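Okay, so here's the structure we're looking at.
FYI, it's all coordinate maths here, none of it is from the lab. From a predicted model like this one, the values you see are computed outputs, not experimental measurements. Note that we place each Cβ from the backbone using ideal geometry, even for glycine, and neighbour counts take in every protein chain shown.
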Amino acid sequence: MERNFIIWRGNSKKGEFKNYTVKLEPGMVVLDAIHRIQVEHANDLAVRWNCKAGKCGSCGVEINGRPKLACMTRMNEFTPDEVITVQPLKTFPVIKDLVTDVSWNYEQNKMIPPFKPREKKNGKDHVMYRRDVERIQEFRKCIECYLCQDVCHVLRDQDKKEKFVGPRFMIRLASLEMHPLDREDRIPKIKNEFGSGMCNITRCCTDVCPEHIQITDNGIIPLKERVVDRFYDPVMWVFNKLFGGRS
Amino acid sequence: MDYSDIQTIEHDVLVVGAGGAGIRAAIECAEKGLSTGIISKSLLGKAHTVMAEGGIAASLGNVDSRDSWKVHFRDTMRGGKFLNQWRMAELHAKQAPDRVRELEEWGAVFDRTDKGLINQRNFGGHRYPRLAHVGDRTGLEIIRTLQDFCVHQGISTHMECTGLDLVLDGDKVSGLVGYWRETGRFVLFKTKAIILATGGGGKAWKVTSNSWEYTGDGLGMAYRAGAELIDMEFTQFHPTGMVWPPSVKGILVTEGVRGDGGILLNSEGERFMFNYIPKKFASETADTEAEASRWLDGDREARRPPELLTRDVVARAIKKEVEAGRGSPNGGAFLDIASRRPAEFIKKKLPSMYHQFKELAEIDITEKPMEVGPTLHYFMGGIRVNSDSQQTNVPGLFACGECAGGMHGANRLGGNSLSDLLVFGKLAGDGAANYINSLTGQLNCSNEEVSKIIKEATDILNREEGKNPYLVHEELQNILQSYVSIVRTGEELALGLDELQKLKADIAEVFAHASAQYNPGWNEALDLKNLIVTAEAVTRAALIREESRGAHTRLDFEGEHDDGLKYNIVIKKTESGMSAEKVRREDPPVELADIAYASLEELEGDNLGA
């Protein structure tokens, strides 16, 4: 069986959608089809990919308008006569074809104050219990595919990249703030620099997460609550004034 | 041409490759105060380390206090069929626990024991539960921890930058020419030392767990610069890769499935691994299903199930069952954990396997068995290095991780790769720092050498016509898959070598359309020159090792031969082409031999010194 694809080809200056036809094999995913197009029709078609098993998060693209991993999108998800349109992530500048410049994300990560562990209790091993680590292990499943960044209204439609680090880095912040061993305080930065207030909880990021991380409910909302407790709770406000904030 | 118009970046050390070994090496270099750069073919955090599933081996003794570096060392040597570099296996077993604890100090969150310590799981060939892990996504945890730590260490990370070739000044390394994927422009790194951490060359085979990046770049670059390769005949076929659907054939199914109780069955429902227990392991392996079940339930007196024999043994057993007509519908074996463990346990301990099968094969592994078969997974062989400094025979050139050879001998144990990356990544950083401290005088990169490398790369774009690089690559994969596979014969290897020689003419004529900017066709064409070196090295080494040992099985030379332990095969470049020769192994230090050949009782009682 053959399927029709429409793929965006071009660079930062100009581009257009082009049609390709691919012969399908059982179990094929969209990335396989892109690879067939590379071999048979367009040797120079640019696409990022690595593991082809949903573990590295390299092959994020927009398939029929939805941010997805090309390696985990099976062809049998589509109706038999559906044309499949593949285009690059809209939120980031195009380099070429399906490849975008995601370096902005790496810059955000660098701004986050690093993990700062407490001393080891017995001098040799850190002790952390299962119930204490399970919460942040969910956040640490993130494969940095940036689909959540792509779909986030603040970054995608409002283009406020200077005001909000985006869902990926909110959950990275959550994984640090809720780390049982960490003793850094990032709450003021989460409010002022990383823009926790910008998120209006539409949960679009959670919807597209291929790792099914509850980004909004388990990550962003608890961080927002911590910010509120620190800066807006009248009792805490007085307490902080008197005792100089969290020790 | 004058390279003054080419971008030039200077570092004391350049690390090539940003997987676990590369990043760990870079961290060590930065820690020693060196100006450090790291280049990677992909984005940071996407290297193959991210795919490692089961865990990292270290004798922390958190789950079974009988464990120690000596038992880990003994397991590693036995798994490697005693062909490992003794000193490397010793350093690895001794230093792995510190490297794991250090990761925790940098923010890694491993699964915990009831007492709140790092939990450890069973794995093939490891006597005790030894693998620190995070479900079945340990590699992701490790690479993310290293990545997030390294960005605060003052290391320059150059992403999507591929190395083409090394530049030498006399006999010393003085630089590397590479290109940026994004623009296709060239860059010269002028350095005092270079650490290769480029991984293996799994992409030379058709059925592999490796991604596009693993084209033997470090092996090719080192070889062309005059460095030696060692043990190249030992390529590990992981017993459990996916076999269906075709588009995912080869993708890894973690050994953790078996470590957590999964069993292998043939089409007749027989648990066939009981029929394949090698003599050497018979005394430590369960011989009845009842005993294997007791072991799974935590009976410390019970012996291990045969599914946890080393990877070479399990991979060959699956192949034999398929050949005997007892394979699964798609030519593999059944791997069943559904009937062994409750669904909740499976989802908790093996979440990414659950998703991988559900989403790619539409199989619920908590209800049905998986179909699995061997897939090319790992290179035991690689660049020959000094066991302590990781320096090659080319001054200033270092190698660590999968692209370095010697640590794993004839077969690697699962979990020993992640620990290898960290232990030898750190040591390579130390080695490079010591080398740079002792270096006197200025190093130069000659115009002539730099221009030659660039011209060779641009020729591919400047041809009027030529071979399709993707099809040439497919041809190379077919040759290795057919002639240099899991079981080998002299006749087939010789045929394979002939075919590879013919393919060289096609590689010389590959042609890439369009511009150099983010052009996968051109990138593929450039990788071919490393793939062919890798493929030829494996084939030549396999041809002259006339015995079966570990991952290298010769149907025409069955079993291990005593003299097989007296040499390693070393590959190097000569004027007449590639040479492969047997190089005599030194006798092991007595104290290490005593540990490796000791009985478990002796070790557990700790009656041995050292």
- Message: Quick query: amide H of B:Phe398 versus all other amide H atoms, modeled in the peptide plane; which residues come in under 5 Å with a sequence gap of 5 or more or a different chain?
- Response: B:Ile194, B:Ile195, B:Leu196, B:Thr392
- Task: For B:Lys358 and B:Glu464, compute 0.36 nm times the residue count separating them, minus their Cα-Cα distance, and round to one decimal in nm.
- Result: 33.5 nm
- Query: Shape call for the stretch B:404-486 from the C-alpha gyration tensor, a ≥ b ≥ c root eigenvalues: rounded (a/c under 1.5), prolate (a/b greater than b/c) or oblate?
  - Reply: oblate
- Item | Degrees between helix B:490-508 axis and first principal axis of chain B (Cα, 0 to 90, nearest 10) | 30 degrees
- Query: Do any of B:Lys41/B:Lys529; A:Lys52/B:Lys41; B:Lys172/B:Lys452; B:Lys348/B:Lys368; B:Lys94/B:Lys115 go past 22 Å between their Cα atoms, and which?
  - Reply: B:Lys94/B:Lys115
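Check each of the GluC sites (Glu not before Pro) in the stretch B:428-484 and keep only those in coil by DSSP with at most 15 other C-beta atoms within 10 angstrom; list them in order. Walk me through the numbers on the way to the answer.
On the way: sites: B:Glu448, B:Glu449, B:Glu456, B:Glu464, B:Glu465, B:Glu474, B:Glu475; in loops: B:Glu464, B:Glu465.
Hits after loop and neighbour filter: B:Glu464, B:Glu465.
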- Message: What is the distance in Å between the Cα centroid of the stretch B:336-402 and that of the stretch B:206-253?
- Response: 13 Å
- Note on the structure: Phi-derived 3J(HN,Hα) across the stretch B:256-264 with the Karplus relation (6.51, -1.76, 1.60, θ = phi - 60°), rounded Hz, x for Gly and Pro, is x, 4, 6, x, 9, x, x, 10, 9
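Using alpha carbons only, what's the Rg to Rh ratio of the stretch A:2-99 with Rh from Kirkwood? Please list the in-between numbers first.
On the way: Rg = 12.4 Å, Rh = 13.4 Å.
That ratio is 0.92, to two decimals.
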- Query: What residues qualify as long-range amide H neighbours of B:Val385, i.e. H under 5 Å apart, gap of 5 or more or another chain, H built at 1.01 Å from N?
  - Reply: B:Gly405
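As a quick test, which of the pairs A:Lys13/A:Lys55; A:Lys124/B:Lys70; A:Lys189/B:Lys426 have an alpha carbon distance above 25 angstrom in this structure?
Values: A:Lys13/A:Lys55 32 Å; A:Lys124/B:Lys70 20 Å; A:Lys189/B:Lys426 33 Å.
Pairs exceeding the cut-off: A:Lys13/A:Lys55; A:Lys189/B:Lys426.
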- Could you name the aspartates and glutamates whose alpha carbon sits less than 12 Å from that of A:Lys96, not counting residues in the same chain fewer than 8 places away? A:Glu16, A:Asp44, B:Glu182
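Just tell me the longest site-free run in chain A, where the sites are chymotrypsin sites (Phe, Trp or Tyr not before Pro) in a DSSP loop having at most 16 other beta-carbon atoms within 10 Å. Mind showing how you got there, number by number?
Numbers: sites that count: A:Phe78, A:Tyr129, A:Tyr232.
Of all site-free stretches, the longest is A:130-231.
Can you give the direction-averaged projected area of the convex hull of the alpha-carbon atoms in the protein assembly as shown, in nm²? Provide the component values of the computation, followed by the final result.
Working: hull surface 143.7 nm².
That works out to 35.9 nm², a quarter of the Cα hull's surface.
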- Just counting partner chain Cβ atoms within 10 Å, what average do the residues of peptide B:208-220 show around their Cβ? 2
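Which pairs in the list B:Lys46/B:Lys566; A:Lys90/A:Lys141; A:Lys160/B:Lys190; B:Lys504/B:Lys582 are over 32 Å apart, alpha-carbon to alpha-carbon?
Beyond 32 Å: B:Lys46/B:Lys566; A:Lys160/B:Lys190.
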- Using +1 on the beta carbon of Lys and Arg, -1 on that of Asp and Glu, and nothing else charged, what's the dipole of the protein assembly as shown about the Cα centre, debye to 20? 2020 debye
- Student exercise, the stretch B:243-376 dipole from Lys, Arg, Asp, Glu Cβ charges, in Debye to nearest 20: 360 debye
- Find how many whole Å separate the alpha carbon centroid of the stretch B:2-33 from the alpha carbon centroid of the stretch B:406-425. 23 Å
- Query: Dipole size in debye (nearest 20) for the stretch B:447-567 around its Cα centre, Lys and Arg Cβ +1, Asp and Glu Cβ -1?
  - Reply: 260 debye
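Tally Lys and Arg at +1 and Asp and Glu at -1 over the other residues with C-beta under 14 Å from the C-beta of A:Leu147: what net charge comes out?
Values: positive: A:Arg48, A:Arg66, A:Lys68, A:Lys90, A:Lys141, A:Arg156, A:Arg168, A:Arg203; negative: A:Glu62, A:Glu144, A:Asp150, A:Asp207, A:Glu211.
Here the charged neighbours net out to +3.
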- Share, in percent, of DSSP beta bridges within the protein assembly as shown that are antiparallel, nearest 5: 70 percent
- For the stretch A:70-81, just list the computed ³J(HN,Hα) in residue order, Karplus coefficients 6.51, -1.76 and 1.60, θ = phi - 60°, integers in Hz, with x standing in for Gly and Pro. 5, 7, 10, 9, 7, 4, 7, 6, 9, 5, x, 9
- Percent RCO, i.e. relative contact order, over the stretch B:243-376, from Cα pairs under 8 Å lying at least 6 residues apart: 32 percent
- Points 7 angstrom from Cα along the Cβ direction at B:Leu439 and B:Glu558: gap in nanometres? 5.4 nm
- Item | Charge dipole of the protein assembly as shown about the Cα centre (unit charges at C-beta), most positive-ward option of B:Val134, A:Cys148, B:Pro278 | A:Cys148
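Rounded to the nearest whole Å³, what is the per residue volume of the convex hull around the Cα atoms of chain B?
Normalising the Cα hull of chain B by residue number yields 147 Å³.
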- Note on the structure: Per DSSP, the loop-located trypsin sites (Lys or Arg not before Pro) within the stretch A:10-95 having at most 10 other beta carbons within 10 Å are A:Lys13, A:Lys14
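Given a cut-off of 19 Å, what percent of all Cα-Cα pairs of the stretch B:189-289 lie beyond it? Don't jump to the answer; show the numbers that get you there.
Numbers: 3177 of 5050 pairs.
Within the stretch B:189-289, distances greater than 19 Å cover 63 percent of Cα pairs.
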- Item | Fraction in percent of alpha-carbon pairs per bin - 5 Å, the stretch B:447-567 | 2, 11, 19, 17, 14, 11, 9, 7, 6, 3, 1, 0
- Query: Across the Cα atoms of the stretch B:219-365, what radius of gyration and what greatest pairwise Cα-Cα distance (Dmax) are found, in Å?
  - Reply: 17.5, 56
- Note on the structure: Sequence order, the stretch B:564-578: Karplus ³J(HN,Hα) from phi using 6.51 cos²θ - 1.76 cosθ + 1.60, θ = phi - 60°, Hz rounded, Gly and Pro as x, gives x, 8, 8, 9, 10, 9, 10, 9, 8, 8, 10, 5, 9, x, 7
- Item | Charge tally in the Cβ shell below 11 Å around A:Arg118, where Lys, Arg are +1 and Asp, Glu are -1, A:Arg118 excluded | 0
